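Down below is the structure, laid out as structure tokens.
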Amino acid sequence: MESSENQPNRATRISRLPGPSTNCGLSELSESQHNTRIQSSIPAPGIVKALKREIAQPASQPEPKRKLLVDRAVEYPQRATHSYMTRSNVVRGHTLHGVSSLKSSFRQQPGSHVPTLNTFTKSFGLGRERPVGKTTLIRTPNVQSKSQAPRTKTSHGHVDDDLFDKRITTNVWDVDGRVGDMESQFKELKDMVNSTLSQKKGHDDALERAKTRVNDLEKDHQNLTARSESLLLELNAAREEGHALRRELQEEQWKNQREIDILKRDHSQTVEDMSRHHRTAVEDLGRELDHLKDQEGKRHQQQIDSLTREFQISVEDERKRKDREIQDLRSRMGNEAQDMNLSMQRKERDLQGLKAENETLRSEIERQKSLNSSHQSNILELSAANMTLEAKLNSVRSQVEFLESDSKAQSDSFASMEARLQDALHIAEEAKEKLIKEETERRVLFNKYQELKGNIRVMCRVRPPLSASAEDRARISFPDDKTSAEIVLAGPEERNSLGMVSRKTYPFEFDRVFTPASQNEEVFSEISQLVQSALDGYNVCIFCYGQTGSGKTHTMSSEDGMIPRATHMIYDTIMKLKEKSWRYNMEGCFLEVYNEELNDLLAPNERNSKKLEIRHDELRKQTTVLNCKTVRLSSPDVVETMLSEAQKNRSVAATKANERSSRSHSIFILKIVGENLATGERCEGTLNLVDLAGSERLKHSQAEGDRMKETQNINKSLSCLGDVIEALGRGSGHIPYRNSKLTHLLQYSLGGNSKTLMFVMVSSMEEHLKETLTSLRFATKVHNTHIGTAKATKKIKGTD
Ligand SMILES: Nc1ncnc2c1ncn2[C@@H]1O[C@H](COP(=O)(O)OP(=O)(O)OP(=O)(O)O)[C@@H](O)[C@H]1O
């Protein structure tokens, strides 16, 4: 193949020295085709056809016009240059990549400069890669100018144009040389042609593959077209079907509409029929209802009438019954009223009887009193007679002695005198027994008298002025000498508008008033009966109330005060009662209420360790104090020791009102338990002797700090005492005993089963007039209070 192709070329070696690129089919791709191919990765069938068509064309290109060798020799360099330039321009139609690969294959492998299949397929084949970027495909003027620029030597071994011209000029007559050159050039050309042919072959292969590809694509295209046509047909069929369906739907709608109209018509007709029918039925029912209503109304009216008649009858019956009941009640009430009137009259009579009895008792008391005095005078007479008798006895004895020495007559007279003496002794014994009997009666009468008068007694004692002149003394008078029960106080001086000075008078009346001249003995003689009552089984409370320094302690616990006198009297009585088989036990304790706290005055060191607690025995009406030292009072000496010890321990504090003012309440509690061995009688009495703290007002005392607290507590407990007495007087259900320690402790000795005596102590000094008035007013309030009836706790042995 190579030789056949080379034959004509050899004959026209010089004249047929066209540029190696002239036969290159690829140069026939127009730029527009090339650009189109660039734009689509798969070449359009038309483009492929055009490509195919144009690829076949090079063979029919007209041969260039033959020239003489000399001409050709002269022209050659230019043509060669031109040919190169033309080829360069043709190559320019390929991608730059193809050009560069072609150039490089010329430059680097002169013997194998055929473009590779890879290069072609990259540009045209199925495996063509998409260009990396447009810029690689855009041919710039610089690229063209560069390719057109003169070169010193090409990759095909061409010498530079100037050098070539020079060589031609110098060797123009050197034929052998020229032939050699020609041969070498021919050789070169042959190589070029060979390479071009192999390149063409590659291109043909590529073209073949491209054709196959195009055929495939055309087949695909046909398939697609057929498919598209069938789809189009289907679409048309579907469209027609849609039209038919739409028509059917419209027809159906029309039919339905018609049916609906018919149904509507039927329905409205039915509704009208039914409403007509219903109206008729409702009207019938209304008529029926009216009829029923009438019937029912008539029936109800009849029932109501009958019920009304029945009700009226029953009301009438009830009214008659009630009238009868009212009549009965009236008659019963009349009877009851009569009974009540009768009982009232009876009560009135009883009251009158009681009053008469009271009067009788009073007169009895008076009689007993006079009897008592007559008995006392009798006793005196009897004792005088006794003394006379004793004197007579003595004289008789001397006479007997005288007569014994003389005669028998004397002995007779002695016997008679002896008899007379026995008579006298007998009379004396009888008188003594009578006296004891009358004393017992007197005690009974006293207790009765006490009960009738009420159980709270108030006595007033006026302290004598200690060392004051007449001007400093208050104007106090005691108008009734006989009863000794009144005291009149002249108030402070008051000056009226005319300048006249006057004094108000304040009269007070108590059970007994002791003048400043009265001594403790006289005071005790008045209260001795109360002390006796303690022995008889009563709870007795004697307390002294008054301002500081008014003589409370003097009256109560001084050496000849009420406490020692009472204990002495009790001892004496106990001794006397022994004869009547009575046996007594006495126990005493001494307490102090200081700042609302209980202290044991007989055991002051145990104050903090043991707390004193008040316990009440509701049944026995007795009070005990837990943890309190109790001393058995076996003799009067023990009582004196106890009193002095208690006095020593009593809280004493100085205030401006009194330097030795007792700021606490002291309570001496004497428990007396007696038992009659002969009769089995048992009695349990308590004697409380209370020395209250000073009652002066807080303002007057000018106390501060602890002293003020003491004074406040004292005032509080005294006011609680007043409240308790007032509540007892009112007969209140609740007595506020627990409001203070003092009243709590004296619960069973104030009111109820107790006899209470209050001493109100007052000063006789003008400067204390205000406090004196306050104290006397308080005492009057207490005096006006009637506290029940006391009862002795005497019981027969074994009954409790
Ligand atoms: N009747 C009287 N006869 C003679 N002296 C009396 C009499 N009453 C009180 N005194 C004397 O007056 C002084 C004060 O009396 P007393 O201490 O008894 O008063 P008080 O009321 O107990 O005072 P306090 O509230 O401070 O205890 C004492 O020195 C007392 O001896």
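The values are calculated or read from the model by the stated rules, or taken from the named source; none is laboratory data. Quantities reported herein were computed from a predicted structural model and do not represent experimental measurements. Methodologically, a virtual Cβ is constructed for each residue, glycine included, from the backbone with ideal geometry; neighbour enumeration extends over all protein chains shown. These accessible areas exclude ligands, DNA and RNA; they are computed on the full protein's heavy atoms, side chains included. Shrake-Rupley method; radii C 1.70, N 1.55, O 1.52, S 1.80 Å.
Points to keep in mind about this one:
- Hits in region 658-680 - residues which are at pLDDT 85 or above and within 16 Å of the ligand (Cβ to nearest atom): His665, Ser666, Ile667, Phe668
- Pairs meeting the criteria (first residue in region 614-634 and surrounded by fewer than 15 Cβ atoms within 10 Å (Cβ to Cβ), second residue of a type in the set (Ser, Thr, Tyr) and part of a strand (DSSP E or B), beta carbons under 9 Å, at least 6 apart or on different chains) are Arg615/Thr623; Arg615/Thr624; Asp617/Thr623; Asp617/Thr624.
- Test for Met569: is it open to solvent by less than 50 Å² (accessible area, probe 1.4 Å) and within 14 Å of the ligand (Cβ to nearest atom): no
- Qualifying residue in region 616-628 (condition: hydroxyl-bearing (Ser, Thr, Tyr) and either over 49 Å from the mean Cα position of the chain (by Cα) or within 23 Å of Met575 (Cβ to Cβ) (or both)): no
- Hits in region 549-566 (condition: touching a Leu at 6+ places or on another chain (Cβ under 8 Å) and near the ligand (Cβ under 9 Å from one of its atoms)): Lys552, Met556, Ser557
- Residue count for region 502-524, restricted to those that are within 16 Å of the ligand (Cβ to nearest atom) and open to solvent by less than 50 Å² (accessible area, probe 1.4 Å): 9.
- Residue check, Ala534 open to solvent by less than 20 Å² (accessible area, probe 1.4 Å), closer than 28 Å to Ser764 by Cα and away from the ligand (no atom under 15 Å from the Cβ): no
- Applying a threshold of 8 Å to beta carbon distances and a minimum spacing of six or more residues, or different chains, the list of pairs starting in region 188-204 at a residue that is without any contact (Cβ under 8 Å) to a residue 40 or more places away in the chain and ending at one that is of a type in the set (Gly, Ala, Ser) and open to solvent by less than 60 Å² (accessible area, probe 1.4 Å) reads Glu188/Gly157.
- If you go through region 481-495 and keep only what is in a loop (DSSP other than H, G, I, E, B) and open to solvent by 50 Å² or more (accessible area, probe 1.4 Å), you end up with Asp481, Lys482, Thr483.
- The one condition in (1) more than 16 Å from the ligand (Cβ to nearest atom); (2) in a helix (DSSP H, G or I) that Thr624 fails to fulfil: (2)
- Boolean, Gly499 is within 16 Å of the ligand (Cβ to nearest atom), open to solvent by less than 70 Å² (accessible area, probe 1.4 Å), on the phi > 0 side of the Ramachandran plot and in a loop (DSSP other than H, G, I, E, B): no
- Of all the listed residues (Glu597, Glu613, Glu587), the sole one being more than 16 Å from the ligand (Cβ to nearest atom) and modelled with pLDDT of 90 or more is Glu587.
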